[in-house]
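**Q** Handing you a structure now.
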Amino acid sequence: MEQDQRDLLRISDLSVSYFIEGREILALDRVFLNLKGSNDGGLGIVGESGSGKTTLGLSVLNLIELPGKISSGAVEFEGKDVLHMSTKELQNYRWHEVSMVYQSAMNSLNPVKTITDPIVEVLRFHSKLPRREAQQKAVELLSEVGIKPERANSYPHELSGGMRQRVVIALALALTPRIMIADEPTSALDVLTQRQILSLLKKEMKQRGLYLIFITHEISLLNGLVDNVAVMYGGEIAERGPVKKVLSNPKHPYTEMLLGTLLTLESKKEQVSLARATTREVSHAVTPNACKYSGRCKYAFDRCFKERPLLKQVEEGREVACHKFN
């Protein structure tokens, strides 16, 4: 099939396995996904722990390491397969085209270096800037994400968790990438700081024309941040569509369950207990050909236990992998 030139990133039939203690664990199972670019409004990837969200993000950068292996598929950036890039091509692709804010990244800053140092190192290595110019650029980047110039020579331990997260975001923005993947960037932050970081990401998307891929287990965070969402379960995409439509009218039973377990200050004790019970673990189907959610699905019928549903369009801009619709 001819590559759609409007696609900034296209993921086709992507499978990733991890080999642990002689067992093969399928982390991604034939995933298809395409991003149109900054006009597409960003993408949220949501699901429980073990659903494949982080593995998908790492695959976009071709960063799956042993005991993991990309067993099939393609990741194409503007038509060029990332999985077959040379070392030099990958070096240019990472940071320049696609960057990533890793999970718990704010705790990975070197404690004996100032917060400016890693940004200077990236700028000098990739852009060959003189040290003085790289230093000035680093201070400007930190200022852009809300860290005042007088704090540029601070050490990580001298900053709050939210401020350290801002440093990591500035680092990811250093080479003006087209896409930034943010993997659970607010999970260790309090509610107020979380809102500030989300606001910062939204601002950077608008000002830079940046395409944000936001990975989270909290689907409610996506509303107002990105326009689209892909819901993952068992290494597959169960549902994909505009955030507002998915939140207001979920099609897949798993998405329905996720939304049904959202808690508020008014939630009753019974709702809290239900949320803990239904999101405790990802349980896959007993047989390989079955729907992976069939063991937990209240709507499951005979076909669900015998045949895997494929992701299909059910209305304009919405796709669902469920036998209720195909």
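**Q** Could you go through region 60-71 in sequence order and give the Karplus-derived ³J(HN,Hα) for each residue, using 6.51 cos²θ - 1.76 cosθ + 1.60 with θ = phi - 60°, rounded to whole Hz, and x for Gly and Pro?
**A** 4, 9, 6, 10, 6, 10, 4, x, x, 7, 7, 8
**Q** Considering amide H positions built from the backbone, and no H for Pro or chain starts, which residues 5 or more places from residue 80, or on another chain, come under 5 Å of its amide H?
**A** none
**Q** Based on the alpha carbon coordinates of the chain, what radius of gyration and maximum Cα-Cα distance (Dmax) apply, in Å?
**A** 20.5, 68
**Q** How far is helix 117-127 tilted, in degrees, relative to the longest principal axis of the Cα atoms in the chain, given as a value from 0 to 90 rounded to the nearest 10?
**A** Tilt relative to the chain: about 90 degrees.
**Q** Cα axis of helix 269-278 to longest principal axis of the chain: angle in degrees, 0 to 90, nearest 10?
**A** Taking Cα atoms only, the helix is inclined about 90 degrees.
**Q** What is the set of long-range amide H partners of residue 211 at a cut-off below 5 Å, with H atoms built 1.01 Å from backbone N?
**A** Residues meeting the amide H criterion: 179, 180.
**Q** For a quick check of your reading of the filter: which GluC sites (Glu not before Pro) in region 217-253 sit in a DSSP loop and have no more than 14 other Cβ atoms within 10 Å?
**A** Values: sites: 218, 236, 239; in loops: 218.
Listed in order of number, the matching sites are 218.
**Q** Right, something else. Let me know the shape class of region 50-133, please: from the alpha-carbon gyration tensor, a ≥ b ≥ c as square roots of the eigenvalues, rounded when a/c is under 1.5, otherwise prolate if a/b is greater than b/c, or oblate.
**A** Details: a/c = 2.80, a/b = 1.45, b/c = 1.94.
Note, shape of region 50-133 comes out oblate.
**Q** Let me ask something else. Karplus couplings for region 106-112 from phi (6.51 cos²θ - 1.76 cosθ + 1.60, θ = phi - 60°), rounded to Hz, Gly and Pro as x?
**A** Using θ = phi - 60°, the values come out as 5, 8, 9, 5, 5, x, 9 Hz.
**Q** Which one of 75, 138, 27 is farthest out on the positive end of the charge dipole of region 1-160, using unit charges on Cβ (Lys, Arg +1; Asp, Glu -1) and the Cα centre as origin?
**A** Result: 138, furthest along the dipole toward the positive end.
**Q** Within straight cross-link reach of residue 53, meaning Cα distance under 14 Å, which aspartates and glutamates are found once same-chain residues fewer than 8 apart are removed?
**A** Cross-link targets: 29, 183, 184, 218, 236, 239.
**Q** Assuming a ≥ b ≥ c are the square roots of the Cα gyration tensor eigenvalues, decide whether region 80-231 counts as rounded (a/c under 1.5), prolate (otherwise, with a/b larger than b/c) or oblate.
**A** Numbers: a/c = 1.76, a/b = 1.08, b/c = 1.63.
In terms of gyration-tensor shape, oblate.
**Q** What pairs in 206/298; 203/245; 137/203; 69/203 have C-alpha atoms more than 31 Å from each other? Don't skip to the answer; put the middle values down first.
**A** Values: 206/298 41 Å; 203/245 23 Å; 137/203 19 Å; 69/203 36 Å.
Violating the 31 Å Cα-Cα cut-off are 206/298; 69/203.
**Q** Residue 232's amide H: which non-local residues (gap 5+, or another chain) put their own amide H closer than 5 Å, with H modeled 1.01 Å from N in plane and none for Pro or chain starts?
**A** 46, 47, 238
**Q** Given axes a ≥ b ≥ c from the Cα gyration tensor, I'd like to know whether region 141-201 is rounded (a/c under 1.5), prolate (a/b larger than b/c) or oblate. Before the final figure, lay out each step's value.
**A** Values: a/c = 1.77, a/b = 1.06, b/c = 1.68.
Judged from the Cα gyration tensor, region 141-201 comes out oblate (a/c at least 1.5, b/c at or above a/b).
**Q** Helix 131-144 versus the longest principal axis of the chain: what is the Cα-based angle in degrees, 0 to 90, to the nearest 10?
**A** 50
**Q** Moving to a separate point now. Do any trypsin sites (Lys or Arg not before Pro) in region 85-129 lie in a DSSP loop with no more than 11 other beta carbon atoms within 10 Å, and if so, which?
**A** On the way: sites: 88, 94, 113, 124, 128; in loops: 113, 128.
Filter output for region 85-129: 128.
Each reported figure results from applying straightforward, stated rules to the coordinates on display, with no laboratory input. Every value quoted in this text rests on a predicted model; they were computed, and no experiment measured them. Note that we place each Cβ from the backbone using ideal geometry, even for glycine, and neighbour counts take in every protein chain shown.
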